[in-house]
Amino acid sequence: MRLQELFAAALIASVSSAALANDAYKFDPSGSAIGFTVHQFLGTTHGKFTSFSGKIEVDREHPENSSVTAQIDVRSIDTHIKKRDDHLRSPEFFNVERFPQMTFRSRTVKRTGPQSGDVLGDLTMHGMTRPITLHVKLLTPINETSRTRWAVMTEPISRSDFNLMFASAAEAVSGISQTVAINIEIQAKRAQ
């Protein structure tokens, strides 16, 4: 075998093994949920975002090289009360005309167990970017199927970190907690 043929064979083999080691998955909104809960006086408000997209790049051989990106349409907020949702979309709070999207972009991925990891990245919301760590757990194994499922947890987010505060007088009487708990479950399908 000539040197050029040997080099070509080695290159093809390395590209093939890299393709097998890396997988790309896109969020499937029909089987996913991005929600939140916030306390107000003695009650709890549950909400969700109904329009979002994202991508997970999995490097099986080197998990630290994996990545996650996500975009959430803030207009899609749904707390089951239209008047409240309209107020949350208004310039007094999310100001969706000026800040229509939330984004998350990972910076580092660290494996913490056989089916779990920490994803450190940047969350941008309401024009502010803050670091956040997502604790992810694989609920279905990554194998030859075209779908995977992930549970995602994080520490509660402080509204003031993202300047998501009502006017001072309204904030004082609203009884709304400064922290918001995030509830995420992602079903993803292999990108074509």
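Okay, residues lined up against (1) closer than 20 Å to Ala181 by Cα; (2) of a type in the set (A, V, I, L, M); (3) in a loop (DSSP other than H, G, I, E, B):
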| position | (1), (2), (3) |
| --- | --- |
| Gly47 | yes, no, no |
| Ile56 | no, yes, no |
| Val68 | no, yes, no |
| Leu88 | yes, yes, no |
| Leu123 | yes, yes, no |
| Pro131 | yes, no, no |
| Leu134 | yes, yes, no |
Requested in this report: Can you confirm whether the range 130-152 contains a residue that is modelled with pLDDT of 95 or more and on the phi > 0 side of the Ramachandran plot?
Outcome: no
Query raised in the report: Tell me, which residue of the range 137-192 that is of a type in the set (Lys, Arg) and farther than 16 Å from Phe27 by Cβ is surrounded by the most Cβ atoms within 10 Å (Cβ to Cβ)?
Result: Arg159
Query raised in the report: Just checking, how many residues over the range 92-129 are exposed (fewer than 12 other Cβ atoms within 10 Å of the Cβ) and modelled with pLDDT of 95 or more?
Result: 4
Query raised in the report: Do we find that Glu57 is open to solvent by 50 Å² or more (accessible area, probe 1.4 Å) and in contact (Cβ under 8 Å) with a residue 40 or more places away in the chain in this structure?
Result: no
Query raised in the report: Within the range 32-45, can you find the residues that are part of a strand (DSSP E or B) and open to solvent by 80 Å² or more (accessible area, probe 1.4 Å)?
Result: His39
Query raised in the report: Does any residue of the range 159-173 turn out to be at negative phi and part of a strand (DSSP E or B)?
Result: no
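Name the single residue that is most open to solvent (accessible area, probe 1.4 Å) among those in the range 70-86 being farther than 26 Å from Lys26 by Cβ and not in a loop (DSSP other than H, G, I, E, B). Break it down into steps so the answer makes sense when it comes.
Filtering the range 70-86 down to residues farther than 26 Å from Lys26 by Cβ leaves 79-86.
If we keep only those that are not in a loop (DSSP other than H, G, I, E, B) too, we end up with 82-86.
Details: Lys82: 143, Lys83: 170, Arg84: 73, Asp85: 10, Asp86: 65 Å².
Taking the candidates together, the pick is Lys83.
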Report summary line: Given (1) in contact (Cβ under 8 Å) with a residue 24 or more places away in the chain; (2) farther than 30 Å from Ser168 by Cα, Thr112 misses just (1)
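The values are calculated or read from the model by the stated rules, or taken from the named source; none is laboratory data. Because the structure is a prediction, the values reported are computed rather than measured. FYI the Cβ positions are ideal-geometry reconstructions off the backbone, even for glycines, and counts take in every protein chain you see. Protein only, heavy atoms only, side chains kept; ligands, DNA and RNA dropped before computing areas. Shrake-Rupley method; radii C 1.70, N 1.55, O 1.52, S 1.80 Å.
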